[in-house]
1. Can you give me the three principal axis dimensions of the range 178-315 from its C-alpha atoms, in Å, biggest first?
2. What 222 nm value per residue comes from the helices of the chain, counting each DSSP H run with n ≥ 4 as -39,500 (n - 2.57) and dividing by all residues, nearest 500 deg cm²/dmol?
3. Is there a quick way to get the dipole size of the range 243-315? I mean about its Cα centre, with the Cβ of Lys and Arg at +1 and of Asp and Glu at -1; what is the value in debye to the nearest 20?
4. Taking only C-alpha pairs under 8 Å that are 6+ residues apart, what is the relative contact order of the range 216-315 in percent?
5. Can you find, among Asn156, Pro234, Ile169, the residue sitting farthest towards the positive end of the charge dipole of the range 131-266, where Lys and Arg contribute +1 and Asp and Glu -1 at Cβ?
6. Hey, how many Å between the Cα centroid of the range 244-315 and the Cα centroid of the range 1-69?
7. Using DSSP, restrict attention to beta bridges with both residues in the chain and report what percent are antiparallel, rounded to the nearest 5.
8. How big is the convex hull of the Cα atoms of the range 37-125, per residue, in Å³?
Amino acid sequence: MTNTFKEDVRKGLEQPQKTLPSKYFYDKKGDALFVEIMNLPEYYLTRCELEIFKNKTNALIKALQLKTNTHFELIELGAGDGLKTKHLLKALKDQHFNFEYIPIDISANALQLLQQDLNKTLPDIAVTPKQGDYFEVLASLKHNNNPKVILFLGSNIGNMEDAIAQQFIYNLGANLQKNDMLLLGVDLIKPEEIVLPAYNDSKGITAQFNLNILERINNELEANFNLDYFEHLPKYDAVKGIAESYILSTKAQTVTIKAMNATFDFDEGEKIHTEISRKYNDKLIHNVIANTDFTIEDKILDSKAYFADYILKRH
Ligand code: AVJ
């Protein structure tokens, strides 16, 4: 991890438009800050999808075309605390569906906490956590012939550039079989007054989250970014439907990264690109699945129509 981290940071900072990959937000402090973000009044995404899982559980189950007499695997990519999924798990159990819940996560710790919680709160559900890379785990499950339902929630796909998202969904399809289902949760394109505050909260938690990547470079790669001279800079293009986060250098400065024996110059006003959070509509979803074996079966919205869970089927 440290080696790829170092190489990714070097590559990103050597480009004319400096960039740092958003996946490196999530160290221990970043994980905790993201939990705080999910509880912010401005960050509507989590609440909207939770509302769908709470209030439209039966619509979800119906759209997923499940049958009570056929055993299936419910596989969640990046399960986290499972807060939303628990509503679905409980409804499936109450309605006597026959399934195994397989949460996949990179974090062994997150999976352990989730399993302990589920064993306590929903003891009748078979839970088999798998730690590791999504596609390695999916490949290992590919040939068991159980029907599969994949959950990819929280607009996590929004962090991918469109071409990468296409490739990701294509790879998912390649690891599934005919009639397997994908429940894809995405944030929808909305006016700036709603989206921008979600990435620029009044308590400054998102700013800390964004700047934490510099702290991480300081800690893990012996660098000397001075956080007094870098600022969180969020943007939203409502036409494209893309929110982006940058880190702004507020003065001309030079940063040393000892672990790579290198220095990097920043101009006053220079921006480091750190994250995209793509927002979707039907057209963009069609585009993402264009060259894959998935078709759109249904779409379930929250009451404000801010967020959508698309139901896709593998043909
Ligand atoms: C976890 C990728 C869905 O893009 O909305 C939250 C991450 N970044 N605030 C998002 C995030 C800044 C989040 N996702």
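Quick note: the coordinates plus some simple rules give every number you see, no bench work behind them. Keep in mind it's a predicted model, so treat the numbers as computed, not measured. Don't worry about glycine lacking a Cβ; one is built from the backbone with ideal geometry, like all the others, and counts go over all protein chains shown.
1. Principal extents (largest minus smallest coordinate, Cα): 53, 34, 22 Å.
2. Counting only the DSSP helices, I get -12000 deg cm²/dmol.
3. Around 120 debye, computed over the range 243-315.
4. Values: 154 pairs, mean separation 19.8, N = 100.
Relative CO of the range 216-315 lands at 20 percent.
5. Ile169
6. 10
7. Among the beta bridges of the chain, antiparallel pairing accounts for roughly 65 percent.
8. Convex hull of Cα atoms, per residue: 103 Å³.
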